[in-house]
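A short worksheet on the structure shown next.
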Amino acid sequence: MTLPDSDELARLHDALDRWFAGAARDLPWRRPDCTAWGILVSEIMLQQTPVVRVLPVWLDWMERWPTPAHLAAEASGAAVRHWGRLGYPRRALRLHAAAVAICEEHDGKVPDTFPELLGLPGVGSYTAAAVAAFAYGRRETVVDTNIRRVHARLVSGNALPAPALTAVEMRLADALLPEDHALSVRWNASVMELGAMVCTARSPKCAECPVRDSCAWLAAGEPPPSYTPKGQSWHGTDRQVRGAVMAVLREAAHPVPRDMFERAPADLGFEASGIGIPLAALHRLNSAPEQLERALDGLLADGLAEMHDDGLRLPA
């Protein structure tokens with residue numbers, strides 16, 4: 001791997017900056033009037049979740065809870081309920097915990113430095129860097145899956161980055177980051193957008209790429225990846241069963257007796273409305289009793305559900 005010299009790096013910065021100015025999607029968390037809180041919410045929602053699914057949930061959250069104080073005043077179960085079907089609902093609990101911490105430790109204002117952001121519950125190094133950069137204009141190295149893929153092809157000549165983030169990748173990202181703070185923020189955003197919209201994993205649109213003439217992967221003849229990425233399974237997994245149980249709890253106005261999860265809705269006298277619809281969907285999975293038990297026990301252990309005398313419900 002040969003790093004671009006200073007002149008070539010300046011050309012890359014300029015080319016992607018101009019491309020982003022004309023091609024970037026108009027997303028509400030990118031608008032100048034978006035708050036740091038809105039950016040933090042978007043970054044956590046967007047983890048392993050596409051924009052098309054996040055957008056309506058983000059808009060609903062920001063209407064309900066426009067500040068950390070609004071969310072912190074609610075029970076954590078409200079965050080889980082309005083997380084909808086974004087998946088990985090523990091993120092909702094972490095956002096609620098982050099809102100509480102922001103109110104208790106930062107006077108209700110999302111902190112503006114990487115170390116302080118990293119100290120919030122559920123905020124890792126990527127999210128801390130992204131919020132510091134996109135909300136506060138800090139010069140931070142932001143590295144997500146899309147950015148890693150662009151760097152791998154553009155500079156390293158590899159079809160895909162390593163299966164897990166490496167120290168070498170972080171040093172490369174640091175080396176590519178512009179010194180100018182404002183330009184560094186736009187560079188992070190533009191490389192991320194290029195990976196999401198053009199330099200995609202399966203069908204890259206190389207003819208549309210603004211830096212294709214500098215791409216080491218194209219120059220090498222588009223060699224195939226050195227490994228086969230493993231897709232995340234869903235059907236028949238514990239995650240699918242957990243998601244189905246969560247769908248029942250989100251619709252439930254009252255605690256749900258545990259045996260309702262274990263018996264078909266028809267046996268319980270439910271009509272196909274309200275809680276009956278997600279219960280029917282759960283039972284159509286035909287999961288083994290031990291798998292359902294694991295799902296229920298796991299949700300309780302993770303704090304996504306609470307057991308009361310009259311059944312399970314979302315956390316208070």
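The values are calculated or read from the model by the stated rules, or taken from the named source; none is laboratory data. Small disclaimer: the values here were computed from a predicted structure and weren't measured. Here Cβ is always computed from backbone atoms with ideal geometry, including for glycine, and neighbour counts include all displayed protein chains. Please note that ligands, DNA and RNA were not included when accessible areas were found on the heavy atoms of the full protein model with its side chains. Shrake-Rupley method; radii C 1.70, N 1.55, O 1.52, S 1.80 Å.
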#### Entry: region 66-182 - charge dipole about Cα centre, Lys and Arg +1 at Cβ, Asp and Glu -1, debye rounded to 20
620 debye
## Note on the structure
Contact order relative to length for region 85-145, counting C-alpha pairs under 8 Å separated by 6 or more residues, stands in percent at 24 percent
### Query
Roughly speaking, what is the stretch gain from D213 to S233, that is 0.36 nm per residue apart minus the C-alpha to C-alpha distance, in nm to one decimal?
3.5 nm
## Note on the structure
Answer check: region 170-231, Cα atoms, Kirkwood Rh, Rg/Rh ratio of 1.00
### Task
Show the residues, 5+ positions off or on another chain, whose built amide H is closer than 5 Å to the amide H of L160.
S226
### Query
Using a simple charge model, +1 on the beta-carbon of Lys and Arg, -1 on the beta-carbon of Asp and Glu, nothing else, what dipole does the chain show about its Cα centre, in debye to the nearest 20?
740 debye
#### Entry: Extension gain, A73 back to D259 (0.36 nm per residue minus Cα-Cα distance, nm)
63.7 nm
### Summary
Residue-normalised 222 nm signal for the chain, counting each DSSP H run of n ≥ 4 as -39,500 (n - 2.57), nearest 500 deg cm²/dmol, is -15500 deg cm²/dmol
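Tell me the carbon and sulfur percent of the accessible area for the chain, rounded to whole percent, probe radius 1.4 Å.
Exposed carbon and sulfur together represent 53 percent of the surface.
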### Query
Tell me, what is the per residue accessible area of region 59-167 in Å², probe radius 1.4 Å?
41 Å²
### Query
Of the chain, which part is the longest with no GluC sites (Glu not before Pro) in a loop (DSSP not H, G, I, E, B) and with at most 11 other C-beta atoms within 10 angstrom?
1-178
